[in-house]
Amino acid sequence: MIEGEQARFVADADASGQRLDQWLAARLAPNLSRSRVQALIRQGAVLIDGVAAGEPKRKLAAGEQVEIAMPEPEPATPQGEAIPLDILYEDDELIVVNKPAGLVVHPGAGNWTGTLVNALIHHCGDSLSGIGGVKRPGIVHRLDKDTSGVLVVAKTDRAHKALSEAFADHGRDGDLERAYVALVWGIPERLSGTVDAPLGRAADRVRRAVVPQTRDDARHAITHYRVEERFGEGQTQYAPASLIECRLETGRTHQIRVHMAHIGHPVVGDPDYGQAFRTKANRLPDALKAAVLAFPRQALHARLLAFRHPATHMMMTFEAPLPADMAALVNGFRQL
């Protein structure tokens, strides 16, 4: 199959009970590998009786109609773009930036241009070529599009290997430290604590959710939090909030956002995990209410990143202050 091409099959009696990915890969061999078929299934490119299959391991039933549509061609290599960068540090091995909210880290569906990778390719030139893969050159960790803060990118294979290992280990050996600050609804009963709750895919298969440990996609996730400031405490007229610091023991997708929502204190402005709390803005002074409703993202910022330099082996620490929009929002809550 080629890009843009479609194919349809009908599961016969022999297909009953077989895994979708295995059965489909056998029919598409040698043009598509099983891993490529699995990726297409997860992307929603495979339909069974007109409905996205969802899971590669789904079992087939005789008579089901299976349709696969190859995605249109995608840009093979990100191109450099003159996007301004807030560089905190740079040497021959790595570059540390303060990522603004709204900037996607690397190209992907719907965001093939205008990403941090495009900016880095323009800034660094050929030094990023081939490090960590064509689509994600130099990237060793991510921040959500609408999360701001400190992010490190490797410029050499040595740095990519060392930093990737540090992030994979989540700092257990002391070579990595990450601290985030979040503005959340409400005031936690405990001023410090740990959320130990596995994460998996939510029902919409886009967001994440706390799931039972026994589920196949459950991933160990631990967040340590500490309340730094409490806003509106001891009064009943306005909705209270807190500024908290979160430190990650694991690094799952949307981990802080899901864990804070799980304990009843979602991040202010979170469009995915805090919608149920959006009406709390109605219990704020008019100016602050307007600011909260107009805030276009989750109030989450990667404040601190410390790691061991891959060449000098010295620990390096970088901090980024709250961006102006989030600082203004926090100051508004301080007036409660």
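Just give me the residues in the stretch 132-186 being among the polar types (S, T, N, Q), in a loop (DSSP other than H, G, I, E, B) and within 17 Å of the chain's Cα centre (by Cα), in sequence order. Spell out the reasoning first.
Taking the stretch 132-186 and keeping what is among the polar types (S, T, N, Q), we get 147-148, 156, 164.
Keeping just the survivors that are in a loop (DSSP other than H, G, I, E, B) gives 147, 156.
Passing the criteria: only Thr147.
Would you say Thr312 is without any contact (Cβ under 8 Å) to a residue 24 or more places away in the chain, surrounded by fewer than 20 Cβ atoms within 10 Å (Cβ to Cβ) and polar (S, T, N, Q)?
Criteria met by Thr312.
Sub-6 Å Cβ pairs linking a first residue in the stretch 97-126 that is surrounded by fewer than 21 Cβ atoms within 10 Å (Cβ to Cβ) to a second residue that is among the hydroxyl-bearing types (Ser, Thr, Tyr), at least 6 apart or interchain, are Pro100/Ser148; Ala101/Ser148; His106/Thr115, ordered by first then second residue. Taking the criterion of being under 27 Å from the mean Cα position of the chain (by Cα) and hydrophobic (A, V, I, L, M, F, W, C), the residues of the stretch 19-65 that qualify are Val37, Ala39, Leu40, Ile41, Ala45, Val46, Leu47, Val51, Ala52, Ala53.
Just one of the listed residues (Pro84, Pro78, Pro30) is free of Cβ contacts under 8 Å to residues at least 24 places away in the same chain, part of a loop (DSSP other than H, G, I, E, B) and not small (Gly, Ala, Ser), namely Pro30.
Among the candidates Leu20, Leu32, which residue alone is out of contact with any His (no Cβ under 9 Å at 6 or more places or on another chain), open to solvent by less than 40 Å² (accessible area, probe 1.4 Å) and farther than 18 Å from Ala62 by Cβ? Answer to the check: Leu32. Can you find, within the stretch 165-186, the residue that is most open to solvent (accessible area, probe 1.4 Å) among those that are of a type in the set (Gly, Ala, Ser) and either in contact with a helix residue (DSSP H, G or I) (Cβ under 9 Å, 6 or more places away or on another chain) or modelled with pLDDT under 90 (or both)? Across the stretch 165-186, the extreme among qualifying residues is Ala168.
Is it the case, given these coordinates, that Thr279 is free of Cβ contacts under 8 Å to residues at least 60 places away in the same chain, assigned to a loop (DSSP other than H, G, I, E, B) and open to solvent by 60 Å² or more (accessible area, probe 1.4 Å)? Talk me through it step by step, then tell me what you get.
Details: free of Cβ contacts under 8 Å to residues at least 60 places away in the same chain: yes; assigned to a loop (DSSP other than H, G, I, E, B): no; open to solvent by 60 Å² or more (accessible area, probe 1.4 Å): yes.
Criteria not met by Thr279.
Anything in the stretch 1-17 that is surrounded by 15 or more Cβ atoms within 10 Å (Cβ to Cβ) and either on the phi > 0 side of the Ramachandran plot or not small (Gly, Ala, Ser) (or both)? List them, or say none. Residue satisfying the conditions is Phe9 alone.
Out of the residues in the stretch 206-234 that are part of a loop (DSSP other than H, G, I, E, B) and more than 21 Å from Thr250 (Cα to Cα), state the one that is least open to solvent (accessible area, probe 1.4 Å). Before the answer, list the steps.
So in the stretch 206-234, the residues part of a loop (DSSP other than H, G, I, E, B) come out as 206-207, 211-218, 220-221, 232-234.
Subset that is more than 21 Å from Thr250 (Cα to Cα): 232-234.
Numbers: Gly232: 8, Glu233: 106, Gly234: 87 Å².
In this case the residue turns out to be Gly232.
The values are calculated or read from the model by the stated rules, or taken from the named source; none is laboratory data. Note that the coordinates shown come from a computational prediction; the quantities given were computed from them, not determined experimentally. In this analysis, Cβ positions are derived from the backbone assuming ideal geometry, glycine residues included, and neighbour counts consider all displayed protein chains. Just so you know, the surface numbers come from the protein's heavy atoms only, side chains and all, with ligands and any DNA or RNA stripped out. Shrake-Rupley method; radii C 1.70, N 1.55, O 1.52, S 1.80 Å.
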